[in-house]
Amino acid sequence: MIVKRKSLSWWEQIYLPAIIGGLKVTLRHFFARKVTMQYPEEKWVVPEGYRGAPYLVRDQQGNTKCVSCQLCEFVCPPKAIKIIPPGPDGAAADRPNAEKIPKEFDINMLRCIFCGYCQEVCPEEAIFLMKDYSLTGLSRQEMIYNKEKLLALGGVHNDHIQKWKHKLEEAKEQRTFPLNEHE
């Protein structure tokens, strides 16, 4: 199929209209108000509902809230979370009446898509999405955050329920029952 081209007029052949049109656009943007943000000096206002980077949090007593249930690892779409549970010997929890704490907890921030599934599925409210959008590192290894770094960045979450404190009080209040009927 051959497409016939319309021949250009003399005015169109010198490309002067196109050049003048480009200069008009350039001058219009040159004198307009600037919208570029000068990043380190000017910070972006994070909107409500922004899902930022996930971090682990501690309770008011400074104890790790994560009990290594691994639900966040299973639900993570890009598989950015890696949890190594304490194993059969068990790692002693840092608070009374807690089952366990993770031996290792890593989040690969290069893989993380900030979807918020980990926060939604956590039964202990141990992982939260902070309004952090400026994640930087000089190597890939620096962008894999371990448990200590995640806890340091997450800080303390003021939990009004304090589930583990109430569980300890309930355990102390329970009566002990004999195992055999003859005792």
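Derivation of every value follows stated rules applied to the coordinates shown; laboratory data play no part. Predicted model, so just to flag it, every value in this text is computed and none were measured. Note that each Cβ is placed from the backbone with ideal geometry, even for glycine, and that neighbours are counted across all protein chains shown.
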For peptides 17-29, 148-160, 104-116, 132-144, sequence by mean Cβ density within 10 Å, most packed first: 104-116, 148-160, 132-144, 17-29
Under 30 Å from Lys100, Cα to Cα: lysines that are on another chain or at least 8 residues apart: Lys65, Lys79, Lys82, Lys131, Lys147, Lys149, Lys163, Lys165, Lys167, Lys172
Under Stokes-Einstein, the range 6-133 at 20 °C and 1.002 mPa s, with its Kirkwood radius over C-alpha pairs, diffuses with a coefficient in µm²/s of 111
Take the alpha carbon atoms of the range 100-175, find their center, do the same for the range 1-75, and report the distance between the two centers in whole angstrom. 30
Calculate the dipole size of the chain relative to its Cα centre from +1 charges on Lys and Arg beta carbons and -1 charges on Asp and Glu beta carbons; express the result in debye to the nearest 20. 1600
Starting from the range 1-89, pick out the GluC sites (Glu not before Pro) whose DSSP state is loop and whose Cβ has at most 15 other Cβ atoms within 10 Å. Glu41, Glu42, Glu48
Return the unpartnered cysteines for the chain, using a Cβ-Cβ cut-off of under 4.7 Å. Cys66, Cys69, Cys76, Cys112, Cys115, Cys122
Please list 3J(HN,Hα) in residue order for the range 24-30, calculated via the Karplus relation 6.51 cos²θ - 1.76 cosθ + 1.60 where θ = phi - 60°; whole Hz, with x for glycine and proline. 4, 5, 4, 5, 5, 6, 5
When the helix-only estimate is applied to the chain (DSSP H runs of n ≥ 4, each -39,500 (n - 2.57), divided by the residue count), what is the mean residue ellipticity at 222 nm, nearest 500 deg cm²/dmol? -7000 deg cm²/dmol
